[in-house]
Amino acid sequence: MKKIHNKTRTTKKKQIDYGSIDSLLLGIVMILILIGLIMIASAGIAYGEARFDDPYHFLKRQMIYVVIGLGALFITQKIDYHFFRKWSFVIFMGAIVLLILVLIPGIGGDVYGASRWIKIGPLSFQPSEAVKLALILYFAAWFASRGTKTVRKFSEGVVWFVGVLLLVGGLIMLQPDMGTMMMITVIALAIFFLAGARMRHITAIIASGIVLLFILIKSAPYRAERLMTFLNPSLDPQGAGYQINQALLAIGSGGVFGLGLGFSRQKHLYLPEPVGDSIYAVIGEEIGLFGGLIIIFLFMGFLLRGLKIANNAPDVFGRLVAGGIVVWIVFQSLFNIAAITGLVPLTGIPLPFISYGGTSIVFMLMAIGILLNISKQSDLK
């Protein structure tokens, strides 16, 4: 995708819908959601029975979240995306408030030693998923309104960008959630790059981030264990290396075409979080390399359509929002697949549209709605 070097310009009112939504991109998303529901139904049987005495507990809840998410998609694809430019700061500040609330005892829910959810009766809400979309909208609006000259200035563009990123990243690390913090950093840097930032500034930020990352790893023993396990999966097969070893065993036993849908052995309480961040391992075991490649090709198709929408968006704000959404979903899928196949350390990041998770799929589908509205106003011929 090309970087944006043109100055911000004002435009007169114009016809909003001069095209239809990108049906190919929508079709790819719907296929991924359908695959996700099928795999959650399969992967969650033993896990749901053990935890909730209901083998289809996760499927039923995910179907509810999908319906809510599709409703959000339908609404946002109808709203002119420029609306979100006007309200981007308010949306962003609302997301920051939610990140603060999750840290308050009695409001934030503590799960596995991390305060990442706000509990509302039987329901739970994960603010960090909302922050991803809020940050995309806010950065896109700020960069689009200031223009490339401001973005390229260290005292204005870089200092402000790093300050906002440190605020969001710091609140997320208090939960703690390093995987989400890394994902948000990737999204933010991508938008910064597309807005016309100098490469030496981006390189300096990345180098500083790597140093900070190693400090965070050294400060928490369990993070150091994950890193050592990544370097040598057999180091602690019953401890820190248990999940990755079980995931690799599942993928390896699937072979080319898999053991058959529903015939995974690792999902029977051997593989941790089989409906969550480990669901790609169940796909590899049941549908094999063939099924795994289908997932990868679908995300590649999403990438190509998303980049086309971003490149043909009618203005800077639309290009940055579309680019941010595409980077979010594609890179998150790459992080998940790479972690489960042992290419990067485990991060706990879910597979977009496929892994179980209500907040994640609702906000992702909301983002897809915005992306589809941008496609309406783009010349995709």
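To the nearest 20 debye, what is the magnitude of the charge dipole of the chain about its Cα centre, counting +1 on the Cβ of each Lys and Arg and -1 on the Cβ of each Asp and Glu? List each step's numbers first, then the result.
Numbers: 32 positive and 18 negative charges, 408 e Å.
Around 1960 debye, computed over the chain.
Would you work out if the range 70-170 is rounded, prolate or oblate? Take a ≥ b ≥ c from the square roots of the eigenvalues of the alpha-carbon gyration tensor; rounded if a/c is under 1.5, else prolate when a/b is larger than b/c, oblate otherwise.
oblate
Under a point spin-label approximation (7 Å from Cα along Cα-to-Cβ), what is the Phe154-Val90 distance to one decimal in nm?
3.8
Have a look at Val90, Val102, Val151 and tell me which one the Gaussian network model of the chain (Cα, springs below 10 Å) gives the largest fluctuation.
For the chain, modelled as a Gaussian network with Cα springs under 10 Å, the answer is Val90.
Report the extension gain between Leu269 and Leu123 in nm, rounded to one decimal, defined as 0.36 nm multiplied by the number of residues separating them, less their alpha carbon distance. Display every interim value, and only then the final one.
Working: separation 146, 0.36 × 146 = 52.56 nm, distance 2.45 nm.
Gain on extension, Leu269 to Leu123, equals 50.1 nm.
Once R0 is set to 41 Å, what does the formula 1/(1 + (r/R0)^6) return for the Cβ-Cβ distance between Lys60 and Ala207, expressed as a FRET efficiency to the nearest 0.05? Working shown, then result.
On the way: r = 47 Å, r/R0 = 1.14.
Once rounded, the FRET efficiency stands at 0.30.
Would any residue of the range 343-366 have its amide N under 11 Å from a label point 7 Å out along Cα→Cβ of Phe52? List them or say none.
357-358
Go through (i) 20.7, 64; (ii) 22.0, 72; (iii) 21.6, 67 and flag the label whose value is the computed Rg and Dmax of the Cα atoms in Å for this structure.
(i)
So what's the back-of-envelope 222 nm ellipticity for the chain, counting only DSSP H runs of four-plus at -39500 (n - 2.57) apiece and dividing by all residues, rounded to 500? Before the final figure, lay out each step's value.
Working: 15 runs with 246 residues, N = 381.
Mean residue ellipticity, 222 nm, calculated: -21500 deg cm²/dmol.
So for the pair Ser23, Leu293, with labels modelled 7 Å out along Cα→Cβ, what separation do we get in nm?
According to this spin-label approximation, the distance is 2.9 nm.
Just want the ordering: Lys267, Lys308, from fewest to most Cβ atoms lying within 10 Å of their own Cβ. Display every interim value, and only then the final one.
Details: Lys267 26, Lys308 19.
By the 10 Å Cβ count, ascending, the order reads Lys308, Lys267.
Name the residue, out of Ile368, Ile75, Ile354, whose mean-square fluctuation peaks in a Gaussian network model built on the chain with Cα pairs under 10 Å.
Ile75
Rank these for me by crowding, Arg51, Arg61, going from fewest to most other beta carbons within 10 Å.
Numbers: Arg51 12, Arg61 20.
With the sparsest Cβ surroundings first, the list reads Arg51, Arg61.
With 10 angstrom as the radius, rank Val362, Val330 by how many other C-beta atoms surround their C-beta, starting from the fewest. The partial results should precede the final answer.
On the way: Val362 23, Val330 18.
Fewest-to-most ranking of Val362, Val330: Val330, Val362.
Can you pick out the pairs among Lys132/Lys267; Lys60/Lys132; Lys119/Lys376; Lys149/Lys218; Lys132/Lys218; Lys119/Lys267 whose Cα atoms lie more than 32 Å from each other?
Working: Lys132/Lys267 30 Å; Lys60/Lys132 26 Å; Lys119/Lys376 37 Å; Lys149/Lys218 38 Å; Lys132/Lys218 26 Å; Lys119/Lys267 28 Å.
In this structure, Lys119/Lys376; Lys149/Lys218 exceed 32 Å between Cα atoms.
The numbers here are math on the coordinates, done by the rules we state, and not lab data. Keep in mind that what you see is a predicted model, and the values were worked out from it rather than measured. Quick reminder, even Gly has a Cβ in these numbers, built from the backbone with ideal geometry, and neighbours come from all protein chains shown.
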